[in-house]
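Enquirer: The following block contains the structure, expressed as structure tokens.
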Amino acid sequence: MQLTPQMRLTTQRQIILEELGKVTSHPTANEVYDMVRKRLPRIGLGTVYRNLELMSETGIILKLEVGGTQKRFDATIDPHYHIRCLSCGKVDDIEIPVMEDINKTAAAVSQYQVLGHHIEFSGLCNECSNMEEEQMVN
Ligand SMILES: [Zn+2]
Ligand SMILES: [Zn+2]
């Protein structure tokens with residue numbers, strides 16, 4: 001069977017999606033590239049980046065709206081909250097119910113039809129807070 005460019009693209013996207021779905025670390029494009037490269041050795045960083053952008057535009061994956069310099073991606077597209085470690089920049093999911101009421105509260109005090117909200121928690125991850133404790137002891 002001959003692979004058409006269109007099919008190749010689909011395969012690439014499929015593999016990117018599979019690899020992204022295996023982790024809960026909300027990887028950057030570079031990190032996704034490292035994972036995907038093990039299965040598609042000839043893929044380029046630019047291709048991975050373009051596919052991630054395209055997939056987030058079409059809603060297949062989530063591009064995270066969190067602080068930090070690098071964009072991060074998430075295969076979990078259901079609304080959920082994130083926490084970012086202020087020390088190492090690691091991002092995890094926060095498993096609490098999404099607050100639907102907050103949209104109504106915001107709509108009540110603004111001239112907007114509120115369609116959504118983003119909450120980013122920040123703190124120190126387990127490893128970083130352990131490291132701080134060790135430094136205090138020494
Ligand atoms: Zn940390
Ligand atoms: Zn997430």
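The values are calculated or read from the model by the stated rules, or taken from the named source; none is laboratory data. None of these values were measured; they are calculated from a predicted model. Cβ sites come from the backbone with ideal geometry, for glycine too, and all protein chains shown count toward neighbours.
Enquirer: For Glu31, all conditions in the list (1) assigned to a helix (DSSP H, G or I); (2) over 27 Å from Thr10 (Cβ atoms); (3) within 16 Å of ligand 1 (Cβ to nearest atom); (4) not hydrophobic (A, V, I, L, M, F, W, C) hold save one; what is the number of the exception?
Expert: Result: Glu31 passes all but (2).
Enquirer: Let me spell it out: the conditions are (1) loosely packed, with under 13 Cβ neighbours inside 10 Å; (2) more than 21 Å from Lys22 (Cα to Cα); (3) free of Cβ contacts under 8 Å to residues at least 40 places away in the same chain, and Ser122 meets all of them except one. Which number is the exception?
Expert: (3) is the only condition that Ser122 fails.
Enquirer: If you don't mind, another one. Which residues, counting only those in segment 89-99, are within 16 Å of ligand 1 (Cβ to nearest atom) and without any contact (Cβ under 8 Å) to a residue 40 or more places away in the chain?
Expert: Listed by number, the residues that qualify are Gly89, Ile94.
Enquirer: Further, regarding this structure: Can we say Gly116 is in the same structural domain as Ile16 (by TED's automatic domain parsing) and either more than 14 Å from the chain's Cα centre (by Cα) or of a type in the set (Phe, Trp, Tyr) (or both)?
Expert: no
Let's see how each residue does on (1) over 12 Å from the mean Cα position of the chain (by Cα); (2) surrounded by 13 or more Cβ atoms within 10 Å (Cβ to Cβ); (3) within 16 Å of ligand 2 (Cβ to nearest atom); (4) free of Cβ contacts under 8 Å to residues at least 60 places away in the same chain:
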residue	(1), (2), (3), (4)
Asp34	yes, yes, no, yes
Arg50	yes, yes, no, yes
Glu65	no, no, yes, yes
Gln111	yes, no, no, yes
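Enquirer: Would you call Pro79 within 16 Å of ligand 1 (Cβ to nearest atom) and surrounded by 13 or more Cβ atoms within 10 Å (Cβ to Cβ)?
Expert: Taking the combined requirement at face value, the residue does not satisfy it.
Enquirer: Considering segment 75-99 alone, what residues qualify as being in a loop (DSSP other than H, G, I, E, B) and in contact with a Phe, Trp or Tyr (Cβ under 8 Å, 6 or more places away or on another chain)?
Expert: Scanning segment 75-99 gives Ile96, Val98.
Enquirer: Restricting attention to segment 100-119, does a residue exist that is within 16 Å of ligand 1 (Cβ to nearest atom) and in a loop (DSSP other than H, G, I, E, B)?
Expert: Scanning segment 100-119 turns up no residue that is within 16 Å of ligand 1 (Cβ to nearest atom) and in a loop (DSSP other than H, G, I, E, B).
Enquirer: Evaluate segment 54-74: report whether one residue or more is in a loop (DSSP other than H, G, I, E, B), among the aliphatic types (A, V, I, L, M), outside the structural domain of Ile119 (by TED's automatic domain parsing) and modelled with pLDDT of 95 or more.
Expert: yes
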